[in-house]
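Student: Structure provided below as structure tokens; questions to follow.
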Amino acid sequence: MPGALQRPAVVSRVSDLIGYTPLLELAATETGSRLLLKLEMFNPTGTAKIRMARQMITDAEERGELRPGGRIIESTSGNTGLGLAVVAAERGYTFTAVVDHHASADKLRAMKAMGTELVYVDDGRSEELATAAREELAEEMAHGQDNTIFTEQHNNPSNGVGYFPVARELHEALDGRLDVLVGAVGTGGGLCGTARELRTLIPDFTTIGVEPKGSIAFGGPAHDYYQSGTGTPEGAEIGALVDFGLIDEGVKVGDVEAFATCRAVARIGLLIGGSAGGVVHEALARLAALPPGTTMVALVNDGGEKYLDTVFNDDWMHARELLAPATEREIDELLTKLRRNR
């Protein structure tokens, strides 16, 4: 990867391993357009969200809101919580994650292994996303408590700032040649934070935001969905970091298509998470129609290892009517065709 940023050969903290994630050329066209995946699963905890978790804590420390021995509280479906768990362990803070049973069980187990206190807002009899209830409880738990912060990822400006380095890594690795950026829209921090900084470096590119069908950031109808850690479910407010002025086009990808893409991509040796499947599905669908020589980057914010019991489990998929062999075959065939041009 020409000009790529490099971390020091030896580091002293796990969080020093954040960033410098690689780009993988997944597919290309006969006209020279290519799809590159920014593989954020190469961060500690296997996700991009540790970038903003560290930034939220650092900024709270600098403002004097969090002092030695303090407590961090966050509502999370897993990946933000994993990042906060690492930073809390390194810096000696107590971390309480307010969660629901929609989250991947492996994410919850990993947080607990790192010393996180898990507080559930549901009784485990439902797989529905309980974002609004989690947010309400997290805010209530932090209110009036000394040396305690609710990081409030959906409305915390530090969330977006934490992704500025992604833009700088892309700019340097690609020598400024980037035409289309595709990413998931959940809190808005990842895509909009990256796009905001990238526009100071590359003035002319297109940003495509992807959310699950059922999410409401780009309109309705609202309904349940299984892509975790992304989107805005019914009853939750669209995060303050979702900047529609930075998103040129917003699209929706259903669970069936997103998960079928994950399973097809796995057969080339790469495991990606469910919401990343939606992003890659959209990017692949657009690639052939792009002008010759276009460079498109898809932000792959999560690895697939946390979803072996769900997205990559035939029984789980079949029970929820998400298993779609024909859709997987179509994506397999498209990938095979486009990968010949690399």
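Student: Those residues that are exposed (fewer than 15 other Cβ atoms within 10 Å of the Cβ) and of a type in the set (Lys, Arg), I need them from segment 118-150; list them, please.
Tutor: Once the filter is applied, which keeps residues that are exposed (fewer than 15 other Cβ atoms within 10 Å of the Cβ) and of a type in the set (Lys, Arg), segment 118-150 yields only 125.
Student: If the requirement is being modelled with pLDDT under 95, of a type in the set (Gly, Ala, Ser) and farther than 25 Å from residue 151 by Cα, which of these qualifies: 12, 33?
Tutor: Unique residue meeting the criteria: 12.
Student: Answer yes if at least one residue in segment 157-167 is of a type outside the set (Phe, Trp, Tyr), open to solvent by less than 10 Å² (accessible area, probe 1.4 Å) and at pLDDT below 95, and no otherwise.
Tutor: No - not one qualifying residue is present in segment 157-167.
Student: Scan segment 187-199 residue by residue and report those that are open to solvent by less than 10 Å² (accessible area, probe 1.4 Å), of a type outside the set (A, V, I, L, M) and out of contact with any helix residue (DSSP H, G or I) (no Cβ under 7 Å at 6 or more places or on another chain).
Tutor: 188
Student: Could I ask something else about it? Identify, please: which residue in segment 28-53 is farther than 23 Å from residue 172 by Cβ and of a type outside the set (Ser, Thr, Tyr) and is, among those, least open to solvent (accessible area, probe 1.4 Å)?
Tutor: Once the filter is applied, the top-ranked residue is 53.
Student: Let me ask you something else. Could you give me the residue pairs with C-beta distances under 8 Å whose first residue belongs to segment 96-112 and is outside any helix (DSSP H, G or I), whose second residue is crowded, with 22+ Cβ neighbours inside 10 Å and charged (D, E, K, R) wherever it lies, and which are 6+ apart or on separate chains?
Tutor: Once the first residue is outside any helix (DSSP H, G or I) and sits in segment 96-112, its partners that are crowded, with 22+ Cβ neighbours inside 10 Å and charged (D, E, K, R) give 96/74; 97/74; 98/74; 98/134; 99/134; 100/134; 104/306.
Student: With the condition kept exactly as written, say whether any residue in segment 307-317 is touching a strand residue (DSSP E or B) at 6+ places or on another chain (Cβ under 8 Å), in a helix (DSSP H, G or I) and farther than 20 Å from residue 42 by Cα.
Tutor: no
Student: Taking the conditions exactly as written (aliphatic (A, V, I, L, M), open to solvent by 50 Å² or more (accessible area, probe 1.4 Å), at pLDDT 95 or above and in a loop (DSSP other than H, G, I, E, B)), does residue 289 satisfy them or not?
Tutor: So residue 289 fits the description; yes.
Student: Shifting gears a bit: Which of the residues that make up segment 234-260 are part of a helix (DSSP H, G or I) and either closer than 20 Å to residue 194 by Cα or under 16 Å from the mean Cα position of the chain (by Cα) (or both)?
Tutor: Across segment 234-260, the qualifying residues are 244, 245, 246, 255, 258, 259.
Student: Out of the residues in segment 54-71 meeting the condition of being in a loop (DSSP other than H, G, I, E, B) and among the charged types (D, E, K, R), tell me which one is surrounded by the most Cβ atoms within 10 Å (Cβ to Cβ).
Tutor: Here is the first cut: in segment 54-71, the ones in a loop (DSSP other than H, G, I, E, B) are 63-70.
In the following step, the residues that additionally are among the charged types (D, E, K, R) were identified as 63, 65, 67.
Numbers: 63: 10, 65: 13, 67: 11.
Among those residues, the one meeting the criterion is 65.
Student: May I pose another question? Give just the number: which of (1) in a loop (DSSP other than H, G, I, E, B); (2) surrounded by 14 or more Cβ atoms within 10 Å (Cβ to Cβ); (3) touching a helix residue (DSSP H, G or I) at 6+ places or on another chain (Cβ under 8 Å); (4) not aromatic (Phe, Trp, Tyr) does residue 115 not satisfy?
Tutor: (2) is the only condition that residue 115 fails.
Student: Could you check segment 72-111 and list, in sequence order, the residues that are among the charged types (D, E, K, R), touching a helix residue (DSSP H, G or I) at 6+ places or on another chain (Cβ under 9 Å) and either open to solvent by 10 Å² or more (accessible area, probe 1.4 Å) or more than 25 Å from residue 237 (Cβ to Cβ) (or both)?
Tutor: Residues satisfying the conditions are 90, 91, 106.
Student: In addition: Hey, any hits in segment 247-255 for a residue that's within 20 Å of residue 79 (Cβ to Cβ) and touching a residue at least 24 places away in the same chain (Cβ under 8 Å)?
Tutor: Yes: segment 247-255 contains one or more residues that are within 20 Å of residue 79 (Cβ to Cβ) and touching a residue at least 24 places away in the same chain (Cβ under 8 Å).
Student: Which of the following residues is more than 19 Å from residue 298 (Cα to Cα) and in a loop (DSSP other than H, G, I, E, B): 90, 30, 74?
Tutor: One residue alone meets the criteria, 30.
Student: Restricting to segment 302-339, name every residue that is surrounded by 14 or more Cβ atoms within 10 Å (Cβ to Cβ), of a type in the set (A, V, I, L, M) and farther than 30 Å from residue 52 by Cα.
Tutor: The answer is 317, 322, 323, 324, 331, 334, 335, 338.
Student: Just the residues that are under 22 Å from the mean Cα position of the chain (by Cα) and touching a residue at least 40 places away in the same chain (Cβ under 8 Å), please, taken from segment 19-33.
Tutor: Going through segment 19-33, the residues under 22 Å from the mean Cα position of the chain (by Cα) turn out to be 19-27.
19, 20, 21, 23, 24, 25, 26, 27 - these are the residues of segment 19-33 that are under 22 Å from the mean Cα position of the chain (by Cα) and touching a residue at least 40 places away in the same chain (Cβ under 8 Å).
The values are calculated or read from the model by the stated rules, or taken from the named source; none is laboratory data. Please read all numbers here as calculations on a predicted model, not as lab measurements. Here Cβ is always computed from backbone atoms with ideal geometry, including for glycine, and neighbour counts include all displayed protein chains. Remember, those area values only see protein heavy atoms, side chains included, never the ligands or the DNA or RNA. Shrake-Rupley method; radii C 1.70, N 1.55, O 1.52, S 1.80 Å.
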